[in-house]
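The values are calculated or read from the model by the stated rules, or taken from the named source; none is laboratory data. If you're wondering where the values come from, they're calculated on a predicted model, not measured in any experiment. For neighbour counting, all protein chains shown are included, and Cβ atoms are generated from backbone atoms with ideal geometry for every residue, glycine included.
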Amino acid sequence: MAETSPTVTLNEPGAFEPLHAEQRAQVLSRPSLSYWQDAWIRLKANRRALGSLYIIIALLLFTVVGPFVWQVDPAAQDLDQISTPPGASRAATLVGPLQPWDGSTLEPDRPGLHLAEPATTQSVRLLWDPWPEAYGYRVYRNIFPVAPGEALGLPMGDTFARDQTRFEDRLDLQPRTYYYTVVALDTYGEELDRQESLEVTPNRVITIDDALARGLIAPADDRQVGDSVRLALHPLGTDYLGRDMLARLMHGARVSLFIGIAAPFLFVLFGVVYGSTAGFLGGHVDQALMRFADFVIALPFLLFMILFKIAFGIGPGESGIMPMVVAMVVLLWPATARLVRGQILQVREEGYVSAARLLGAPTGYLVMRHMIPNTMGVILVTLTFAVPSAIFTEAFLSFIGMGVAPPTPSWGSMCNEGIKTMLTYPHELIFPALLISITVLAFNLLGDGLRDALDARMRSRE
Amino acid sequence: MSQPLLEVSDLRVEFDTYGGTVQAVRGVSFAVEPGKTLAIVGESGCGKSVTVQSIMGLTPMPPGRIRTGSARLRGVEILGRTEIDGRDIRGREIGMIFQDPMSSLNPTMTIGTQIAETLEVHWGWSRKRAFDRAVELLGMARIPEAARRARQYPFEFSGGMLQRAMIAMSIACEPAILVADEPTTALDVTIQAQILDLMGDLQRDTGMAIILITHDLGVVARMADEVAVMYAGQIVEQGSVDDVFYRSAHPYTLGLKAAMPSNEPDAEGKHKLLPIEGSPPDLFHPPVGCAYAARCPHAMRICQDQDPAAFFQSEHHFARCWLHHETAPRVEGLHRGAAARQPEASA
Amino acid sequence: MWRYTVRRLIQGIITVWFIATATFFAMHSVPGDPLTQDRAVTADIRANLEAKYGLDKPLGQQYLIFLGNLTRGDFGISFTQKNREVNDIIREHFPVSATLGILAIVFAGLGGVLWGALTALYRNRLPDVVIMFLVILGISVPSFVFAALGQLALVNLNDLLGVSLLPVAGWGTVWHMLVPSLVLGLGTMAYLTRLMRSSMLEIVNADYIRTAKAKGLPPTRIFSRHQLRNAILPVITVLGPSIAAITTGGFVVELVFAIPGLGRYFVQAVQQLDYTVIMGTTVFYGAFLVLMVIVVDLLYGVVDPRVRLE
């Protein structure tokens, strides 16, 4: 004030002349903002909400555009790479067809438990010396180092003579470390104390025929046994059936986000119509409608979700997505209806609405001008918070095997599959769980931001 | 002149909001004498509540901020710490009551307990003794069946009763000053008079000073000894109640008076209420000159460009208005003191 | 108070009756029945079985019989677990689920109030930021992931220490309950923490807190006597619905931690359309939930005098 040089000074002639209307300075006032403009400015200022909005857009791109960029069939199995974590080596050596084993060994003089030839994912061939006390042997395979007192792992097979001292394992071999244990058996097939363990890491191999069939090499390439090839790329690894995780996550996103957005949209819409009808009509209609809503709220959600699923009778080839959406809409609308009704009742009692009504405003005008703008914020926020809870519900139901039917991927059903192999292949659980969490997080933060931006009370307080 | 009980000088308070910084109080000074009532008058948003709440340390900081100023209680600075010798002066030296008694009391605690709390904290009384005194205080505040009422919760009281309870609470420790922030605004007209009477009687009995915040000139006329008229964060006129009412020296005071219902007919024999046109300036960007210039019917060229200083009409009566400058034209109805002078200090 | 309690109980009984009726007819409208679940039976045997279980009567009559039995507290015999009374199943497995759920709600409630109050006290400072980050995680991570992670953590912890500190699965001792109920309560705890925080922050601006400051009360007293108690009120109101959410979550936790609760029987019964078990567990759960909500509401009355005296 003092630092700005005044244009009129005390000693200036005419300083004390009355001001004429046109000489008066325009009163500085802030430009008035509409409700939505103001809300948008507040939302933009909220970094977390804005970040969430970008995340949601990215998720939608991942879902819609992703499958066009990453054109891998989510149902196709890559049997060479089962339960492969992301970033695993893709190198494989070409081999010929598997030859039967006649017991020959490359290391005839070696004592103790050893490999007859280098271990491959085709076969692991174990040899050991006969033990005098044994009348047979049992072979175990474990994925953890064998510790005293701990389980030995998967029993692979028994032999029934002291001199049957070889074993060939061809069961679902992966290029990872296995711990084989041979235990001596007595005449009754009971385990004796003597045992011996061996750590084996098979090399990944692929037969030339397979490589040709999968398009890894072309016939013209003229590759030989022993050459190395690179297997198909799976950026996020594969699941327990060798299906590409990325492709499944993208297609699963379609299912999860479809349910997560379509169901809330529908039940919020129904709730809004129902609640505003009750609130607007009032009286006995309102009482009757709300009593019914109360009863629907009281229904055991899980039971009815499952009953719906059974009632719809999901046949083979059906995904079970629509029954789930329908069940959610039928069971979840009352919360919104209550909220909207309360809001409508509140707005109806406001002075400005009474005033408008006294001035003879038609009902349509009241609804358009006062009811909808004053409930829109609440509805929008409800919708935003309904999305994560619907995604949760889908995940939860699919997780307990009551949701989306396999083989249709959804994030929840992927979690369900992933949790079985959680200890050994955590990536099968982590990726879908992560996506669920990020999506829910983003919608929650966006909902928070929207609520803060739309809440008029907050505005006056700050 | 004896030392004033409370002396506030050049208080400036700002608020940071997402729309910018609001200069809510822009250099307010006043003094309160023992046993006297100072009324601070002004329309909503003029900074009158912020002024006392800042002194009482009730302004949330942030977003609030005290730029400058001082507030001395018996000569001891209390601004920004609200304590003397490590003991809180609030409730003990200065009691306070608020506009909305319905929301100003804790809904989950009995009235008696809430009053007794003050005595427990400040005077270290036992719970029993403090509660008994609370019952007495409620009786002093003319609440019938005080002993039973003290055990009730706020929701069982009417608005007027709650305000009495608030008053009982605020005077529990016999403070030297009672700050009443719009104490009657939320109440029925008939209750208003009773509350004001109660405050007046208690003042006579205890000799406490009252700072009364209000927008109601009727309340001012009834209660006040001294009046400060606030506009856009500044005191634009201050003086004794007679000075301000009968020798109004600021166009805004004139405007307020014209907007007040009265029994006296105007020159044309009509009872007319004249609103003040326009709205107060935006305190995000306070005007360079006089804040009232945009609404003032007598605005002059200088008013827009230079902030008027305080022109003293008499020793204790001043107005911030260029119309008191010697070269300014005369305005009908505006008192112009014979010895109108501009003090050197407040240019 | 008594009249209120009685009124709520009557309302609760009506709600349970409604749930029972809706479930009964919804269940019977689903194609198939418990007799055709595992094997094909001849028409004769089928007729005998139907007569034995009363399935040959008209649906309306079956419903009346069911209601009659219900008033005597008799849910009948399970279809799929031969000769096992539904009451026995409930008696054996419900205490497990209830213990798990109540422990979880205690964890969630105490944790929510504690963390919520803490974040509000340290608003926008490090403890607030850290706790709120965890809370957002807690709200955004599905319960089954927590369950899986909890189990994984237990396995690793036991591995690391070389001793079995806490059992990884199963039921029986307090040690079995600890991790599952914590996992189960985690989501609700996060939700309650958020609620408590916003409630605390709203109350900071309340007029009566300003009054308390104007009375010169020390901040600790304002916090404990004025802020905390009022801030807990909204937390208590949502405790009732939270119990329902925790019950649902309980199924997953029971599944992952191999806990012999009622949840697994329930899911299994619905899949096999075991009428009597479905009705028994549903009505029992429904009654339990309704009762818990009433208890919570009565508790609310103890804390909030405005409700108490109505």
Subset of the range A:229-254 (residues that are of a type outside the set (A, V, I, L, M) and in a helix (DSSP H, G or I)): A:R248, A:H251, A:G252, A:R254
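This table checks each residue for (1) over 21 Å from B:S103 (Cα atoms); (2) free of Cβ contacts under 8 Å to residues at least 12 places away in the same chain; (3) within 11 Å of chain C (Cβ to nearest Cβ).
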position: B:A130; (1), (2), (3): yes, no, no
position: B:A150; (1), (2), (3): no, no, no
position: B:A176; (1), (2), (3): yes, no, no
position: B:D181; (1), (2), (3): no, no, yes
position: B:D188; (1), (2), (3): no, no, no
position: B:Q194; (1), (2), (3): no, no, no
Filter result (of a type in the set (A, V, I, L, M), under 13 Å from C:L228 (Cα atoms) and assigned to a helix (DSSP H, G or I)) within the range C:196-213: C:M196, C:M200, C:L201, C:I203, C:V204, C:I209
Among (1) in a helix (DSSP H, G or I); (2) crowded, with 20+ Cβ neighbours inside 10 Å; (3) polar (S, T, N, Q), the one test that B:S104 misses: (1)
Of all residues making up the range A:178-232, the number that are in contact (Cβ under 8 Å) with a residue 12 or more places away in the chain, within 30 Å of A:V146 (Cβ to Cβ) and acidic (D, E): 4
Residue that is surrounded by the most Cβ atoms within 10 Å (Cβ to Cβ) [pool: residues in the range C:255-264 that are under 12 Å from C:Q151 (Cα atoms) and more than 10 Å from chain A (Cβ to nearest Cβ)]: C:F257
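Return yes or no: is C:G280 assigned to a helix (DSSP H, G or I), at pLDDT below 80 and more than 10 Å from every other protein chain (Cβ to nearest Cβ)?
Details: assigned to a helix (DSSP H, G or I): yes; at pLDDT below 80: no; more than 10 Å from every other protein chain (Cβ to nearest Cβ): yes.
So C:G280 does not fit the description; no.
This table checks each residue for (1) of a type in the set (S, T, Y); (2) part of a helix (DSSP H, G or I); (3) surrounded by 15 or more Cβ atoms within 10 Å (Cβ to Cβ).
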{"residue": "A:S256", "(1), (2), (3)": "yes, yes, yes"}
{"residue": "A:L266", "(1), (2), (3)": "no, yes, yes"}
{"residue": "A:H284", "(1), (2), (3)": "no, yes, no"}
{"residue": "A:V296", "(1), (2), (3)": "no, yes, yes"}
{"residue": "A:L307", "(1), (2), (3)": "no, yes, yes"}
{"residue": "A:V325", "(1), (2), (3)": "no, yes, yes"}
{"residue": "A:P334", "(1), (2), (3)": "no, yes, yes"}
{"residue": "A:R348", "(1), (2), (3)": "no, yes, yes"}
{"residue": "A:Y352", "(1), (2), (3)": "yes, yes, no"}
Matching residues in the range B:290-322 - criterion: being farther than 19 Å from B:A228 by Cβ and either over 25 Å from the mean Cα position of the chain (by Cα) or within 7 Å of chain A (Cβ to nearest Cβ) (or both): B:A294, B:P297, B:H298, B:A299, B:M300, B:R301, B:I302, B:C303, B:Q304, B:D305, B:Q306, B:W322
Residues of the range A:404-425 classified as in a helix (DSSP H, G or I) and either within 18 Å of A:G260 (Cβ to Cβ) or under 9 Å from the mean Cα position of the chain (by Cα) (or both), total: 6
Unmet requirement for A:A49, which otherwise passes all of (1) under 28 Å from A:G377 (Cβ atoms); (2) at pLDDT below 80: (2)
Which numbered condition C:L103 misses (of (1) of a type in the set (A, V, I, L, M, F, W, C); (2) under 19 Å from C:V270 (Cβ atoms); (3) touching a residue at least 60 places away in the same chain (Cβ under 8 Å)): (2)
Sole exception among (1) of a type in the set (A, V, I, L, M, F, W, C); (2) out of contact with any Gly (no Cβ under 9 Å at 6 or more places or on another chain); (3) over 30 Å from C:R221 (Cα atoms); (4) modelled with pLDDT of 85 or more for C:L100, by number: (2)
Index of the failed condition, B:I115 passing every other in (1) out of contact with any Cys (no Cβ under 8 Å at 6 or more places or on another chain); (2) surrounded by fewer than 21 Cβ atoms within 10 Å (Cβ to Cβ); (3) under 29 Å from B:L79 (Cβ atoms); (4) more than 8 Å from chain C (Cβ to nearest Cβ): (2)
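Does the range A:108-128 hold any residues that are surrounded by 11 or more Cβ atoms within 10 Å (Cβ to Cβ) and modelled with pLDDT under 80, and which are they? First the steps, then the outcome.
First, pick out the residues of the range A:108-128 that are surrounded by 11 or more Cβ atoms within 10 Å (Cβ to Cβ): A:110, A:113-128.
The answer is A:R110, and nothing else.
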Residue within the range A:255-278 that is within 14 Å of chain C (Cβ to nearest Cβ) and on the phi > 0 side of the Ramachandran plot present: no
Index of the failed condition, C:L110 passing every other in (1) without any contact (Cβ under 8 Å) to a residue 40 or more places away in the chain; (2) within 14 Å of another protein chain (Cβ to nearest Cβ); (3) within 21 Å of C:S242 (Cα to Cα): (2)
Every residue from the range B:297-320 that is outside any strand (DSSP E or B) and touching a Leu at 6+ places or on another chain (Cβ under 8 Å): B:H298, B:A299, B:R301, B:I302, B:C303, B:Q304, B:Q306
Selected residue (only one of B:G95, B:G80 is at the interface with chain C (Cβ under 9 Å from one of its Cβ atoms) and either assigned to a strand (DSSP E or B) or out of contact with any Pro (no Cβ under 8 Å at 6 or more places or on another chain) (or both)): B:G95
Matching option when the condition is within 14 Å of chain C (Cβ to nearest Cβ), outside any loop (DSSP other than H, G, I, E, B), touching a residue at least 40 places away in the same chain (Cβ under 8 Å) and over 30 Å from C:F266 (Cβ atoms), among A:T393, A:T384: A:T384
